[in-house]
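Every number here is computed from the coordinates shown, using simple stated rules; none is lab data. Every value quoted in this text rests on a predicted model; they were computed, and no experiment measured them. With ideal geometry, Cβ positions are generated from the backbone for all residues, glycine too; neighbour counts draw on all protein chains shown.
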Amino acid sequence: MTASNPASAASSIADRLAVVRERIAKTCVAAGRDPSSVILTAVSKTQADEALEAALAAGQRVFGENRVQEAQMHWAARRAALPDLELRLIGPLQTNKAVEAVELFDVIETLDREKLAAALAVAMAKTGRRPRVLVQVNTGAESQKAGVLPQDADALIAAARDDHGLNLEGLMCIPPADEAPEPHFRLLAEIAARNGLSVLSMGMSGDYETAISNGATHVRVGSALFGERIAPLKPS
Ligand SMILES: *Cc1c(COP(=O)(O)O)cnc(C)c1O
């Protein structure tokens with residue numbers, strides 16, 4: 001790791017951001033899409049402050065975090081000075097953290113059950129904040145993975161929108177690690193299309209170009225920007 005030297009960490013993160021942005025733009029052009037139609041979410045989970053600062057210095061403003069508590073440590077104090085910051089929750093959310101999540105995040109990508117939709121609606125009424133919401137679909141029907149099963153997605157989408165009044169704008173998926181991602185991206189795009197949803201959060205460091213070719217509007221890139229994560233942060 002080069003993180004002990006802030007200057008070199010900064011330049012390498014800036015360089016990697018430039019490379020990923022360039023590859024996103026090229027893939028868009030090849031797919032006949034406007035490069036501005038794909039948003040890069042920089043996944044900053046487990047990263048040190050220098051890495052966050054380096055990404056901010058390079059102009060990055062959209063960040064993904066997978067834990068509410070870590071996201072608060074990373075961003076709560078920085079928020080006030082960054083009016084254009086956009087924070088996206090990309091990890092599983094427990095109902096007892098709904099208020100904290102609604103207070104911090106601009107987008108919650110991991111709605112996967114009706115009980116959570118209800119908790120988010122209550123949290124939004126209580127806080128007066130209305131983050132946009134994506135439904136996470138477990139496209140590979142993996143037992144250990146969060147997300148609503150594909151066959152239950154339409155019903156959850158309808159309940160979130162119509163019964164709980166959430167500002168639902170799209171879908172998110174994490175394909176199985178050991179399978180070709182493309183069929184999963186296609187399935188997510190199909191579910192979104194038939195439900196009239198325009199946002200597709202799909203594609204990570206290893207497959208974001210494939211995701212863009214299949215309609216991704218948001219790609220979630222961590223290690224390709226920040227280097228390999230060492231270990232998840234543990235509460236002390
Ligand atoms: C960690 C994470 C990512 C980023 O993964 P990389 O392979 O490091 O780009 C994307 N999405 C989710 C949901 C994640 O938890």
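Hey, with R₀ at 22 Å, roughly what FRET efficiency would Leu149 and Glu114 work out to, going by the Cβ-Cβ distance, to 0.05?
Numbers: r = 13 Å, r/R0 = 0.60.
According to the calculation, E is roughly 0.95.
Estimated from the Cβ-Cβ distance and a Förster radius of 22 angstrom, the FRET efficiency linking Ser36 and Asn195 is about 0.35. For a modelled paramagnetic label at Arg130, 7 Å from Cα along Cα-to-Cβ, the residues of the range 90-105 in reach, with backbone nitrogen under 17 Å, are 102-105. Annotated for the chain: lysine pairs at least 8 residues apart or interchain, Cα distance under 19 Å, count 8.
Under a Gaussian network description of the chain, with springs only between Cα atoms under 10 Å, the residue in Ser143, Ser44, Ser205 that fluctuates furthest is Ser143. Modelled this way, with points 7 Å down the Cα-to-C-beta line, the labels at Ser213 and Arg61 are 3.2 nm from one another.
For the peptides 132-141, 82-91, the ranking by mean Cβ contacts within 10 Å, running from highest to lowest, is 132-141, 82-91. As a proxy for reagent exposure, ranking Met172, Met73 by other Cβ atoms within 10 Å from fewest up yields Met73, Met172.
What percent does the relative contact order of the range 1-158 come to when contacts are Cα pairs within less than 8 Å and at least six residues apart? Each step should come with its number before you reach the end.
Working: 211 pairs, mean separation 23.0, N = 158.
Once divided by the residue count of the range 1-158, the mean separation gives 15 percent.
Size descriptor for the chain, Kirkwood hydrodynamic radius: 18.1 Å (Cα pairs only, one decimal).
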